[in-house]
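The values are calculated or read from the model by the stated rules, or taken from the named source; none is laboratory data. Owing to the predicted nature of the structure, the values given are computational and were not obtained by experimental measurement. Using ideal geometry, Cβ is built from the backbone for each residue, glycine included, and neighbour counts are taken over all protein chains shown. For accessibility, only protein heavy atoms count, side chains too; no ligands or nucleic acids. Shrake-Rupley method; radii C 1.70, N 1.55, O 1.52, S 1.80 Å.
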Amino acid sequence: MKGTRNARFLHNTFAMGIEQYQGRDGKVIRGTKGQGIGFCNSADGTPATGIVRNNIFYNSYIYWIPRGNEGTLILCSGNLLFCEWHLFSKKSWETDIVNEDPLFRNIKNIAGEDGKPFTMDDGYVLTKDSPCIDSASEGNENPRVDIFGVTRPQGKRSDIGAYEVRTDER
């Protein structure tokens, strides 16, 4: 996001696949198939600003600011960072939940049993034991409903990610 001002990434679920490939030295390297969110200054030097809060980054690059982008200010908190092949340093991500599986309903079938995305059986819906439930950072910018239109919060606090677990499913 070059020089973007006030970008807001709130309550999303970024879930990418894992790919394996052979490096130049012949070793097998595992990496993500997808990108996360990157912020950098515009060509005229205008810094990017924004918020990255209450998102799930599953097997995905997360959010980053490349070196040499002075003035770029991103407020980040309440995100869950999980990767099957990499451990995140809690020291580097103090305001986020790191290395805890979000416990999706079925990560291998994102559209769910009915094969239709954005329906209540989606694979990215959280299970009742998810560490994302009632764990979102509070803020006025948080959406009042989830991707299905379910009112947030259903518990003490909103859930992290795109889906809010309804009270009757907890």
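Give Phe148, Phe118 a once-over and let me know the one that is of a type in the set (Phe, Trp, Tyr), in a loop (DSSP other than H, G, I, E, B), at pLDDT below 95 and open to solvent by 70 Å² or more (accessible area, probe 1.4 Å). It would help to see each step written out before you state the result.
Working: Phe148 fails: open to solvent by 70 Å² or more (accessible area, probe 1.4 Å).
It is Phe118.
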Notebook entry, point to check: In the stretch 33-67, how many are modelled with pLDDT under 75 and either among the aliphatic types (A, V, I, L, M) or open to solvent by 30 Å² or more (accessible area, probe 1.4 Å) (or both)?
Noted result: 8
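Going through the stretch 151-170 one residue at a time, which ones are open to solvent by 50 Å² or more (accessible area, probe 1.4 Å) and of a type outside the set (S, T, N, Q)? Break it down into steps so the answer makes sense when it comes.
Of all residues in the stretch 151-170, those open to solvent by 50 Å² or more (accessible area, probe 1.4 Å) come to 151, 153-154, 156-157, 166-170.
Those that are open to solvent by 50 Å² or more (accessible area, probe 1.4 Å) and of a type outside the set (S, T, N, Q): Pro153, Lys156, Arg157, Arg166, Asp168, Glu169, Arg170.
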Note to self: List pairs: first residue in the stretch 127-144 and touching a residue at least 60 places away in the same chain (Cβ under 8 Å) and farther than 15 Å from Leu81 by Cα, second residue of a type outside the set (S, T, N, Q) and open to solvent by 50 Å² or more (accessible area, probe 1.4 Å) anywhere in the structure, Cβ distance under 7 angstrom, at least six positions apart or on different chains.
What the structure shows: Glu141/Arg8
